[in-house]
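See structure below.
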Amino acid sequence: MNIKNKLNISAIILGLTSMIGQIIVIRELIVVFYGNELSLGAILASWLFWTAIGSSVFGRLVDKISFKTTLLAAIQLVISIILPLNILLIRYIKSLLNISTGEIIGLQPMFMVSFLSLSLICVLLGFTFTLISKLASENSSSSAGSIGKIYLLEGLGASMGGLLYSLYLIKVFSQFHNSLIVSCFNIIISIFFARNIIQLVLLAALGVAFIFNWPRHVDGFVRSLQFRPFKVVESIDSIYGNIAVTKSGNDYSFYENGLLMFTTNDFLTSEESVHYAMLEHPAPKKVLLIGGGVSGSLEQILKHDVDRIDYVELDPLIIELARKYVPVPADKKINFINADGRLFIKSAPSPSLLPIAEGDGEKVRVRGYDVIIANLPDPYTAMLNRFYSLEYFREAKKLLADGGILSFSLSSSENYINPENAAYLGCIFHTLEKVFSEIKLLPGDNVVFLASDKKDLLTHDTGLLLKRLGDRKIKTQFVREYYLPFKLSPLRIKYVENTLKEFGGRKINTDFRPIGYFYHMLLWLTLFSAGRGILPHIGIFNIWLFIGVVTTLFLIMFMFQKLRRSSFRTPVRISIGATGMSEICFQIIVILAFQFLYGYVYYKIGLILTSFMIGLVLGSFFINRRLERIQDERSLYLKTQAAICLYPLVLPLAFKIPDFQLGFAFLPIIAGFLGGFQFPLANKICLKSSSNVGKTTGTLYGLDLFGACVGGLLVGLLLIPLLGITQTCLILFIINTLVLILLFSSSR
């Protein structure tokens, strides 16, 4: 096999390793950090930062290295070793930091763990791209064309990796097992360039390990380290994340992605999640329960004389595991539905023609629900925020029967609500107030929200609620005569109601402006004294502030360009950084919009991510075929930048198109095409006046990744929750338009 083919295959394996490795590492760190947007921002920012350092900083050394092929073989071998070791390190990190199971990790250790654990592997991946690009240019008559081809093939490998992992590997093998499979690919590629005894020993060891299924045993042992001192009785990776079951005495605890879902025999939690809403209704017959049913809530609902319970749970593995360790009711009244709760509510017709079971196609005409209970965590992610938005409340209201009740609870405190908690609870309260005319609040460590449109239905009268409890012959341990009067103390209720009603912000939580999860993030930060003092200044974070900052930076760069009489290459580099930032923003916007509109459908979100890489490959392929024949690169580059300017204006309009579900697979292809088209063209422009291929290509690739790093942090944590999707798209349009002006005004 000639050197060109070896380098082409290496580029494909590099893309595959980067994509699968990134997915595995993100999923592993989510179990450690519980997966809110701040933790995902820390993980992605660290990944992109170190990859950019490897490409731009260390990539500058490539031009001076004489033993490039030997070095490439050594790096690929090291990557094959580091990736599985990284998984083991991440799983052991809680023990190293003395963090107990279920303990919330602070902001500082979160960034520290992400930053340090990803440093070596990402630096090597970034450096490898520059090294392969340099070797390809040395074995080709056209440096720009050969590098463009490597960029294309890396994107092709990433697309293949995303599809392979999402459609097959994630279903069949564990995370650790998959990391070893990727290691095998890298060892084989390493042998292409240089052979040594270490490669053969590693391949032989991995072969024996796969035959005797050792990765499974190692995976189980190392996973158990994450839950010390509890005994892990089972840990399984589903397509939605990791489900772990631990045992302490006679009690079992269930964890989803490291976050405690429930513990058996926790009767206080299961009773409170159900009975307040059920007792508020004079005769509840039909109930919709979203999440948390196997924690004991189903048993509590069945204590009432109900006719039907529709229990919606996204991950079927939760119900499957629960049946092995806890008594899950098998009552015929319960209809188990494995679906996204929001998508179920959104797609259910009104008046209700609801399916008996998912996928059987059979329909029965029933009245609306008497009670809808959302037994879900707080909106610590944008995905969970969908169950506390204005649109969700409206959709749920349509499914309620006359006099129906909607119930959910949010974290609070027993006796004192701090400003951040008041802002968070007040935001959801004022949003709920936009939809329902009657709202009652029950104070406690979790504030229970009860909403209805029937006047005088909801009550704080403990006598009436206790009478209903007795009339229905319901036996409870906590929600009874000695507990309800304390829970419904008039002074405590008045304090909570006044605190929430008097909160001055009155911001409304919507799907496309999820301010609710931003307030929850501030509340979370106060646990570590990191978010205090931010709340009074939220009002200044508006679109005009961001426009002012962007315009100021533009004016500085414009004056610098004019004073230095910079060539076209300078704004080209700036545009690559801006495009890297914009591309990841486009991805996040499309994914969040899809979740908001259609629910969390895992495979389709995987398709969105893969669609972007397919677009990138198509854009790279299209430009590479014409790269050597292009006479006026400047004009074509300006047109490409103009297209990037217009793209964010299209997004908000596309999201308003009815039944646009299929379109979400095509939007990322367009964004990927523009990015894949621009990078090889920028590389050719910059190489025209430079012979340092490693420095030039590494710098451009690094700028692309640095921009993505900044964009990933900004769009998920600030821009979308504070400004919303439409204004965020407007900001991206302004940024890219100002970059276009820089390009247009530069010297030829």
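The values are calculated or read from the model by the stated rules, or taken from the named source; none is laboratory data. All values reported here derive from a predicted model rather than from experimental measurement. Cβ: placed from backbone, ideal geometry, glycine included. Neighbour counts: every protein chain shown.
Based on this model, can you work out whether VAL233 counts as within 29 Å of the chain's Cα centre (by Cα), assigned to a helix (DSSP H, G or I) and farther than 19 Å from PHE33 by Cβ? Give the derivation first.
Details: within 29 Å of the chain's Cα centre (by Cα): yes; assigned to a helix (DSSP H, G or I): no; farther than 19 Å from PHE33 by Cβ: yes.
Criteria not met by VAL233.
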* With respect to CYS645, is the statement that it is more than 25 Å from LEU153 (Cα to Cα) and outside the structural domain of LEU16 (by TED's automatic domain parsing) true? -> yes
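Any residue that is outside any helix (DSSP H, G or I) and charged (D, E, K, R) - is there at least one of those in the stretch 200-218?
The initial filter retains those residues of the stretch 200-218 that are outside any helix (DSSP H, G or I), namely 212-213.
Subsequent filtering for residues that are charged (D, E, K, R) retains none.
Looking through the stretch 200-218, none of the residues is outside any helix (DSSP H, G or I) and charged (D, E, K, R).
If the requirement is being in the same structural domain as PRO377 (by TED's automatic domain parsing) and in contact with a strand residue (DSSP E or B) (Cβ under 8 Å, 6 or more places away or on another chain), which of these qualifies: VAL233, VAL287?
Details: VAL233 fails: in the same structural domain as PRO377 (by TED's automatic domain parsing).
Only one candidate qualifies: VAL287.
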* To do: List every residue pair whose Cβ atoms sit under 8 Å apart, with the two residues 6 or more apart in sequence or on different chains, where the first one lies in the stretch 223-252 and is more than 23 Å from LEU85 (Cα to Cα) and among the basic types (Lys, Arg) and the second, anywhere, is at pLDDT 80 or above and assigned to a loop (DSSP other than H, G, I, E, B).
  => LYS247/PHE230
* Structure fact -> Over the stretch 236-270, the set of residues of a type in the set (S, T, N, Q) and more than 19 Å from the chain's Cα centre (by Cα) is THR246, SER248, ASN250, SER253, THR263, THR264, ASN265, THR269, SER270
* Structure fact -> Across (1) touching a helix residue (DSSP H, G or I) at 6+ places or on another chain (Cβ under 7 Å); (2) surrounded by 22 or more Cβ atoms within 10 Å (Cβ to Cβ); (3) of a type in the set (Phe, Trp, Tyr), PHE336 clears everything bar (2)
* Asked: Which one of the conditions (1) of a type in the set (Lys, Arg); (2) in a loop (DSSP other than H, G, I, E, B); (3) crowded, with 18+ Cβ neighbours inside 10 Å does LYS440 fail to meet, given that it meets all the rest?
  -> (2)
* Quick check: anything in the stretch 59-82 closer than 25 Å to PHE706 by Cβ, of a type in the set (Gly, Ala, Ser), touching a helix residue (DSSP H, G or I) at 6+ places or on another chain (Cβ under 9 Å) and assigned to a helix (DSSP H, G or I)? -> yes
* Structure fact -> Every listed condition ((1) crowded, with 19+ Cβ neighbours inside 10 Å; (2) at pLDDT 90 or above; (3) out of contact with any Asp or Glu (no Cβ under 6 Å at 6 or more places or on another chain)) holds for VAL693 save (2)
* To do: Kindly establish whether LEU321 is out of contact with any Lys or Arg (no Cβ under 7 Å at 6 or more places or on another chain) and either over 21 Å from GLU395 (Cα atoms) or not assigned by TED's automatic domain parsing to the domain that holds ALA401 (or both).
  => yes
* Considering only the stretch 368-405, how many residues are closer than 17 Å to PHE344 by Cβ and assigned to a loop (DSSP other than H, G, I, E, B)? -> 4
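Is it true that ALA665 is within 30 Å of TYR517 (Cβ to Cβ) and buried (at least 24 other Cβ atoms within 10 Å of the Cβ)?
Working: within 30 Å of TYR517 (Cβ to Cβ): yes; buried (at least 24 other Cβ atoms within 10 Å of the Cβ): no.
Against the criterion (within 30 Å of TYR517 (Cβ to Cβ) and buried (at least 24 other Cβ atoms within 10 Å of the Cβ)), ALA665 does not qualify.
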* Would you tally the residues in the stretch 443-468 being of a type in the set (Lys, Arg), surrounded by 14 or more Cβ atoms within 10 Å (Cβ to Cβ) and closer than 14 Å to GLY404 by Cα? => 1
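What residue, among those in the stretch 312-348 that are of a type in the set (Lys, Arg) and not in a helix (DSSP H, G or I), is farthest from SER270 (Cα to Cα)? First the steps, then the outcome.
We begin by selecting, within the stretch 312-348, every residue of a type in the set (Lys, Arg); these are 323-324, 332-333, 342, 346.
Remaining after also requiring not in a helix (DSSP H, G or I): 332-333.
Working: LYS332: 21, LYS333: 19 Å.
That would be LYS332.
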* Asked: Just for the stretch 592-617: of the residues that are at pLDDT 85 or above and over 15 Å from the mean Cα position of the chain (by Cα), which one is nearest to LEU718 (Cα to Cα)?
  -> PHE612
* Among GLN22, GLN76, which is the only one that is among the polar types (S, T, N, Q) and within 30 Å of PHE528 (Cβ to Cβ)? -> GLN22
* Asked: Just for the stretch 560-582: of the residues that are within 15 Å of ASN683 (Cα to Cα), surrounded by fewer than 24 Cβ atoms within 10 Å (Cβ to Cβ) and modelled with pLDDT of 85 or more, which one is farthest from the chain's Cα centre (by Cα)?
  -> PHE568
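Could you go through the stretch 287-299 and let me know if any residue there is among the hydrophobic types (A, V, I, L, M, F, W, C) and surrounded by fewer than 19 Cβ atoms within 10 Å (Cβ to Cβ).
no
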* Asked: Do we have ARG27 as touching a strand residue (DSSP E or B) at 6+ places or on another chain (Cβ under 9 Å), assigned by TED's automatic domain parsing to the domain that holds PHE176 and surrounded by fewer than 24 Cβ atoms within 10 Å (Cβ to Cβ) here?
  -> yes
